[in-house]
Amino acid sequence: MSNLQTLHKVVDLATRRRDDALTALGQAQRELQAAQAQMNQLRNYADEALQRWAQRSTTGGVDANLLHHHRQFMEKITHAIEFQQAVQRSREEVVERAQAQVYAAERDVAGLRKYAERKQQAIEHRAMRQEQKATDEMALTIHLRQALSAVHGARS
């Protein structure tokens with residue numbers, strides 16, 4: 001296997017690594033969106049509960065037992081929101097790391113492709129020089145034969 005073939009395999013491997021990083025980034029982004037959607041649901045639920053409580057408290061009296069249950073319920077929702085905020089921050093960090101991996105993989109692929117391109121150009125340039133050298137040698141041989149033939153023809 002030539003060095004260029006090996007280099008192309010390395011480029012392919014780097015490309016696959018980049019594609020895997022993109023897949024991981026997509027998954028992380030979907031998980032972040034799910035966490036954000038769940039956060040929105042929790043906040044909407046908390047807002048609705050507060051609105052229902054406000055309506056109930058203005059339309060009639062509220063006994064101590066009902067107030068106690070409402071406070072416990074709101075504490076649970078607040079705890080769930082705080083927990084979901086931590087989940088969301090964690091998902092954001094995963095997305096950031098995945099983006100950094102994609103950028104690094106893209107940089108690697110671009111660098112390797114550029115290097116492979118330069119190697120290919122060097123090989124092509126070397127081949128062109130060899131071809132030019134062979135053409136020059138053939139032209140010189142033809143010229144020398146014609147000159148020798150002319151010299152031999154002039155002696156006869």
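The values are calculated or read from the model by the stated rules, or taken from the named source; none is laboratory data. As the structure is a computational prediction, the values presented were derived from the model and not from experiment. So basically every Cβ, Gly included, is an ideal-geometry build from the backbone, and we count neighbours across all protein chains shown.
Conditions first: (1) in contact (Cβ under 8 Å) with a residue 24 or more places away in the chain; (2) among the aromatic types (Phe, Trp, Tyr); (3) more than 22 Å from ALA21 (Cβ to Cβ). TRP53 passes all but one, so which condition is the exception?
It fails just one condition, (1).
If only one of GLN132, GLN99, GLN120 is in contact with a Leu (Cβ under 7 Å, 6 or more places away or on another chain) and more than 30 Å from GLN36 (Cβ to Cβ), which one is it?
Step by step, each of GLN132, GLN99, GLN120 is checked, and only GLN120 is in contact with a Leu (Cβ under 7 Å, 6 or more places away or on another chain) and more than 30 Å from GLN36 (Cβ to Cβ).
To keep it simple, each residue is scored yes or no on (1) assigned to a helix (DSSP H, G or I); (2) more than 30 Å from SER90 (Cβ to Cβ); (3) at pLDDT below 90; (4) over 46 Å from the mean Cα position of the chain (by Cα).
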{"residue": "LYS9", "(1), (2), (3), (4)": "yes, yes, no, no"}
{"residue": "ALA14", "(1), (2), (3), (4)": "yes, no, no, no"}
{"residue": "GLU31", "(1), (2), (3), (4)": "yes, no, no, no"}
{"residue": "ALA35", "(1), (2), (3), (4)": "yes, no, no, no"}
{"residue": "ARG43", "(1), (2), (3), (4)": "yes, no, no, no"}
{"residue": "ASP47", "(1), (2), (3), (4)": "yes, no, no, no"}
{"residue": "GLN51", "(1), (2), (3), (4)": "yes, yes, no, no"}
{"residue": "GLN55", "(1), (2), (3), (4)": "yes, yes, yes, yes"}
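Taking the stretch 88-134, which residues are surrounded by 12 or more Cβ atoms within 10 Å (Cβ to Cβ), under 15 Å from VAL11 (Cβ atoms) and basic (Lys, Arg)?
Residues satisfying the conditions are ARG107, ARG113, LYS119.
If you scan the stretch 91-110, which residues turn out to be more than 15 Å from THR23 (Cα to Cα) and touching a residue at least 12 places away in the same chain (Cβ under 8 Å)?
Scanning the stretch 91-110 gives ARG91, GLU92, ASP108, VAL109.
Does the stretch 58-89 hold any residues that are of a type in the set (Val, Ile, Thr), in a helix (DSSP H, G or I) and free of Cβ contacts under 8 Å to residues at least 40 places away in the same chain, and which are they?
If the condition is that a residue be of a type in the set (Val, Ile, Thr), in a helix (DSSP H, G or I) and free of Cβ contacts under 8 Å to residues at least 40 places away in the same chain, then THR58, THR59, ILE77, THR78 are the ones that fit.
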